[in-house]
Amino acid sequence: MQIWKNKQDIPENRGKTVVTIGIFDGVHKGHRAVLAKTVEIAKELGLKSVALTFDPHPRLVHQPDVPLQLVTSLNDRLHRLEAAGIDIVRLQKYDLEYASATAEEFLVHQILGELNAHTVVVGSDVRFGKGNEADGAYLQKRGAELGLQVVLVSDLCDAHGRRWSSTWVRDLLAQGEVETAAQVLGRYHRIRGVVQHGFKRGRELGFPTANLTGADLGEVPADGVYAGWLVRAVGDSPATVHLPAAISVGTNPHFAGEQRTVEAHVLGRSDLNLYGQEIAIDFVQYLRPMQVFASLEGLLQQMDEDLRHCAEVLGVPVAYRVDPAMVTAT
């Protein structure tokens with residue numbers, strides 16, 4: 001997949017294209033319906049499919065004081081657009097100057113001019129132009145006048161009629177409802193980060209963990225204990241390995257912690273040295289809330305139960321505490 005980050009990246013002999021437009025945060029089922037239609041039409045016409053997407057998220061530009069955590073990192077978004085079959089991503093820098101373009105300027109200069117679009121495929125709720133002045137009806141009308149084919153894809157909804165959306169995914173994750181979030185996304189929710197050194201309490205108790213912290217992990221679900229997968233690369237290849245994990249999200253209240261972290265213990269493994277490596281964590285199921293125990297023994301008993309529950313959820317053999325002396329990470 002090609003990535004055009006600026007106008008200089010766009011070849012003069014690019015030919016006609018089929019373009020879709022969106023932030024595509026999370027690349028959920030609704031997004032994938034639009035992407036699939038874009039790819040389908042492009043193949044039928046023998047043209048390249050282009051996804052015009054934006055970085056940073058427009059809301060971070062227009063409302064910089066309002067916190068917004070993206071469902072997926074930019075790299076994961078690009079990977080998922082490629083997996084959807086998109087040939088080219090036009091990664092548009094979003095700033096106030098860009099946002100000031102009228103709908104007419106956007107269509108004429110970027111969609112028809114820069115991207116040389118034959119067809120545009122968008123969701124029926126599309127809005128664009130300065131102040132979101134234009135909608136799907138405008139796009140169809142003005143597109144016909146400009147010789148631009150326009151395809152509007154109807155919203156994709158769940159069985160109760162709720163539209164799949166990135167906002168809904170964020171709401172679900174904020175409540176720890178990772179299973180429902182996975183239904184909207186069409187896959188497990190994933191965060192990504194570089195493994196950091198922690199207090200190493202887990203290894204002393206027989207539960208060594210890979211620790212992630214910081215603001216750039218992606219949307220971290222609500223505090224609690226989860227079953228999931230730790231995903232790591234295999235050498236320099238595109239291949240990955242999924243390791244069953246018990247995942248703790250929170251400040252570790254039993255030890256009066258203050259920093260919110262994500263800690264993943266790979267079931268039965270004492271030989272992993274992941275410090276400094278980038279890993280991903282997939283959240284499969286919420287198990288329980290974070291809590292303070294009356295004793296260390298009570299904590300250990302609960303952690304043993306967490307391991308058993310994780311194995312049950314993930315369909316892997318039950319693993320137990322590892323021998324702290326066997327932990328090889330330094």
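The values are calculated or read from the model by the stated rules, or taken from the named source; none is laboratory data. Given the structure is predicted, the values throughout are model-derived calculations rather than measurements. Every residue, glycine as well, gets a Cβ built from its backbone with ideal geometry; the counts of neighbours run over all protein chains shown. For accessibility, only protein heavy atoms count, side chains too; no ligands or nucleic acids. Shrake-Rupley method; radii C 1.70, N 1.55, O 1.52, S 1.80 Å.
Could you count how many residues in segment 40-73 are assigned to a helix (DSSP H, G or I), more than 20 Å from Q110 (Cβ to Cβ) and open to solvent by less than 60 Å² (accessible area, probe 1.4 Å)?
0
Just checking: which of the strands (runs of 3 or more DSSP E) contained wholly in segment 76-188 hold 1 or more residues that are surrounded by fewer than 19 Cβ atoms within 10 Å (Cβ to Cβ), within 17 Å of the chain's Cα centre (by Cα) and among the hydroxyl-bearing types (S, T, Y)?
none
Give segment 191-218 a look and list any residue that's at pLDDT below 90 and of a type in the set (D, E, K, R), or say none.
K200, R201, R203, E204, D216
Would you confirm, using the coordinates I've provided, whether V292 is of a type in the set (V, I, T), assigned to a helix (DSSP H, G or I) and surrounded by fewer than 19 Cβ atoms within 10 Å (Cβ to Cβ)?
So V292 fails the test.
Look at A233 and say whether it is surrounded by fewer than 19 Cβ atoms within 10 Å (Cβ to Cβ) and modelled with pLDDT of 95 or more.
No; evaluated as a whole, the condition is false for this residue.
Does E204 satisfy being without any contact (Cβ under 8 Å) to a residue 40 or more places away in the chain and either of a type outside the set (V, I, T) or assigned to a helix (DSSP H, G or I) (or both)?
For E204, the condition - without any contact (Cβ under 8 Å) to a residue 40 or more places away in the chain and either of a type outside the set (V, I, T) or assigned to a helix (DSSP H, G or I) (or both) - is not met.
Might you check whether a residue that is under 30 Å from V220 (Cβ atoms) and out of contact with any strand residue (DSSP E or B) (no Cβ under 7 Å at 6 or more places or on another chain) occurs anywhere in segment 125-142?
There is at least one residue in segment 125-142 that is under 30 Å from V220 (Cβ atoms) and out of contact with any strand residue (DSSP E or B) (no Cβ under 7 Å at 6 or more places or on another chain).
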